[in-house]
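Here the structure comes first, spelled out in structure tokens, and everything after it is commentary.
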Amino acid sequence: MTIPLLVLVDLAPAHAAHIESAGFLLHHAPTAAERARFLASPNDQIRAVLTNGSTGLTAEEITRLPQLEIICAQGAGYEKIDVTAARARGVVVTHGPGTNGSSVADHAMTLLMSIARGIPQADAAVRRGEWACSRQPRPMISGKRLGILGLGTIGAQIARRGASGFDMPIAYHNRRPRDGSPYLYHPTPAALADWCDFLVIATPGGAGTFHLVDGPVLEALGPNGFLINIARGSVVDTAVLIEALQNRWIAGAALDVVEGEPEIPAELTGLSNVILTPHIAGRSPEAVMATVQLVCDNLCAHFSGHPVKTPVP
């Protein structure tokens with residue numbers, strides 16, 4: 001017997017086949033239109049849902065799945081899943097912490113280096129035949145101050161890369177200091193921004209971090225500071241960021257995530273001091289396979305009557 005699983009995210013054929021081989025019948029609805037059609041009326045077949053933090057699952061959608069037992073978030077985030085509504089129904093919610101941490105940390109450092117050294121801009125200039133224009137001096141990275149906004153699993157990996165690879169002094173801000181951390185703690189995001197040359201956002205998304213990076217933080221980062229975001233677009237006040245970039249209140253920004261993605265403001269895409277990637281930090285083949293395997297492990301554990309491996313806290 002196969003267990004019906006509603007898939008709200010894009011899955012590569014090989015990954016879909018991997019989940020199917022574990023005993024699940026996949027119903028794909030990765031687009032907004034497909035999802036709306038599938039959930040237009042109650043469905044008493046679906047017993048599990050695969051989603052992610054930015055795709056989520058609403059309370060109303062949960063009510064349309066009366067046989068739902070488990071929601072699996074692919075990746076660490078779960079901010080748009082109505083966990084309260086799920087728990088009220090007795091539905092288990094899992095996520096994937098740590099599965100793509102190394103990939104995201106690698107991408108964060110790639111963005112940091114790219115925006116500091118102006119790599120995409122220089123490449124574009126050379127391709128246009130503007131060799132001399134592409135040889136403007138750009139800041140070094142080694143020895144510069146690296147601020148981590150959110151020293152969780154991914155933030156800690158970014159800090160280690162900066163410290164060991166580039167001899168960067170490290171500081172961070174969390175809601176509270178981390179016991180045993182060797183890094184300097186700042187009590188506010190603005191204080192951290194004022195201290196650092198590069199501010200990397202590695203916080204969770206959700207209401208607790210909404211627009212945590214606002215005008216005062218960007219003002220504190222200053223005209224020589226760079227912002228890197230591999231967390232969630234909602235952490236940054238995008239309108240204020242655009243204004244800061246337009247007026248050179250900060251030196252530049254490198255963003256893997258943008259508020260309202262995949263729709264990106266034209267004011268942002270038209271700027272020369274910003275780098276954009278399409279939410280791909282965690283999408284290395286190794287990381288994606290690890291997230292899929294953890295989804296399988298959680299699903300199989302639940303439907304075998306065992307505790308899931310990574311429940312949402």
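Taking each pair of different alpha-carbon atoms in region 105-182 once, compute 1/r for the pair, average those values, and report the inverse of that mean as the Kirkwood hydrodynamic radius in Å to one decimal.
Evaluated over region 105-182, this radius sits at 14.1 Å.
So, R0 is 30 Å and r is the distance between the beta-carbons of ARG175 and GLU60; what FRET efficiency does that work out to, to 0.05?
0.45
Springs between alpha-carbon pairs under 10 angstrom, Gaussian network model over the chain: which of MET140, MET109, MET289 fluctuates most?
Top of the fluctuation ranking is MET140.
Any idea what the relative contact order of region 211-313 is, in percent, if you count C-alpha pairs under 8 Å spaced at least 6 apart?
Details: 123 pairs, mean separation 22.6, N = 103.
That works out to 22 percent.
For region 3-99, rounded, prolate or oblate, judged on the Cα gyration tensor with a ≥ b ≥ c (square roots of eigenvalues), a/c < 1.5 rounded, else prolate if a/b > b/c?
rounded
Which whole number in µm²/s is D for region 193-256 by Stokes-Einstein, with the Kirkwood Rh taken over Cα pairs at 4 °C and 1.567 mPa s?
Working: Rh = 11.4 Å.
Reported coefficient: 114 µm²/s.
I want to verify the translational diffusion coefficient of region 133-274 in µm²/s; compute it with Stokes-Einstein, Rh as the Kirkwood radius over Cα pairs, at 4 °C and 1.567 mPa s.
Numbers: Rh = 15.2 Å.
Translational diffusion coefficient: 85 µm²/s.
Could you work out the relative contact order of region 44-122, using alpha carbon pairs under 8 angstrom and six or more residues apart, expressed as a whole percent?
That works out to 27 percent.
Give the residue from LEU221, SER142, PHE38 lying farthest towards the positive end of the charge dipole for the chain; charges sit on Cβ (+1 for Lys and Arg, -1 for Asp and Glu) and the dipole is referred to the Cα centre.
SER142
For SER41 paired with GLU20, estimate the spin-label separation in nm (one decimal), with each label point 7 Å from Cα along the Cα-to-Cβ line.
2.7
Out of GLY208, GLY96, GLY282, any idea which swings most in a Gaussian network model of the chain, alpha carbons joined below 10 Å?
Comparing GLY208, GLY96, GLY282 in the GNM, the peak value goes to GLY208.
Mind listing the long-range amide H neighbours of VAL93? Cut-off is under 5 Å, sequence gap 5 or more, other chains count too, H placed in the peptide plane at 1.01 Å from N.
Hits under the 5 Å cutoff: ILE71, VAL312.
Could you give the length gained on full extension between THR31 and THR84, defined as 0.36 nm per residue of separation minus the Cα-Cα distance, in nm?
On the way: separation 53, 0.36 × 53 = 19.08 nm, distance 2.45 nm.
Result for the pair: 16.6 nm of gain on full extension.
Based on Cβ point charges of +1 for Lys and Arg and -1 for Asp and Glu, what charge dipole magnitude is obtained for the chain about its Cα centre, in debye rounded to the nearest 20?
I would put it at about 540 debye.
Suppose only helical runs count, i.e. DSSP H with n ≥ 4. What mean residue ellipticity at 222 nm does that imply for the chain under -39500 (n - 2.57) per run, divided by all residues and rounded to the nearest 500 deg cm²/dmol? Don't skip to the answer; put the middle values down first.
Values: 12 runs with 113 residues, N = 313.
-10500 deg cm²/dmol, from helical runs alone.
State to the nearest 20 debye the size of the charge dipole of region 120-252 about its Cα centre, where the only charges are +1 on K and R beta carbons and -1 on D and E beta carbons.
Details: 13 positive and 10 negative charges, 77 e Å.
Magnitude of the dipole: close to 360 debye.
Express as a percent, rounded to the nearest 5, the fraction of DSSP beta bridges in the chain (both residues included) that run antiparallel.
Expressed as a percentage, antiparallel bridges in the chain total about 5.
Is region 203-313 best put as rounded, prolate or oblate by its Cα gyration tensor, with a ≥ b ≥ c the root eigenvalues, rounded for a/c under 1.5, and otherwise prolate when a/b is larger than b/c, oblate when not?
prolate
For THR2 and GLU263, what is the calculated FRET efficiency with R₀ set at 35 Å and r taken between the beta-carbons, to the nearest 0.05? Mind dumping the intermediate values first?
Working: r = 36 Å, r/R0 = 1.04.
Between THR2 and GLU263 the formula returns 0.45.
Around ALA12, under 14 Å between beta carbons, what's the net of Lys plus Arg minus Asp minus Glu among the other residues?
That works out to -2.
For region 162-188 and region 242-313, write down the distance between their C-alpha centroids in whole Å.
Value for the Cα centre distance between the two parts: 22 Å.
Let me check I have the definition right: for the chain, take the eigenvalues of the Cα gyration tensor, multiply each by 5, take square roots. What are those semi-axes in whole Å, largest first? Walk me through the intermediate numbers first.
Values: eigenvalues 287, 88, 66 Å².
After diagonalising the Cα gyration tensor, the semi-axes are 38, 21, 18 Å.
As an exercise, use a Förster radius of 30 Å and the Cβ-Cβ distance of ARG160 and ALA191 to find the FRET efficiency, rounded to the nearest 0.05.
The computed FRET efficiency comes out at 0.85.
Can I get the semi-axes of region 39-172's equivalent ellipsoid? Compute them from the C-alpha gyration tensor as square roots of 5 times the eigenvalues, in angstrom, largest first.
Each semi-axis is √(5λ); the values are 44, 20, 10 Å.
Quick check: Cα centre of region 82-107 to Cα centre of region 122-139, how many Å?
That distance is 42 Å.
For region 52-94, give the magnitude of the charge dipole about the Cα centre (Cβ charges: +1 Lys/Arg, -1 Asp/Glu; no others), in debye to the nearest 20.
Working: 4 positive and 5 negative charges, 13 e Å.
Computed about the Cα centre, the dipole is about 60 debye.
How much net charge surrounds VAL308 when only other residues with a Cβ under 15 Å from its Cβ are counted (Lys, Arg +1; Asp, Glu -1)?
Working: positive: ARG47, ARG87, LYS309; negative: GLU69, ASP297.
The answer is +1.
Read the figures in this text as sums done on the coordinates, not as results from a lab. Model, not experiment: these values are computed from the prediction. Cβ atoms come from the backbone with ideal geometry, glycine included; neighbour counts cover every protein chain shown.
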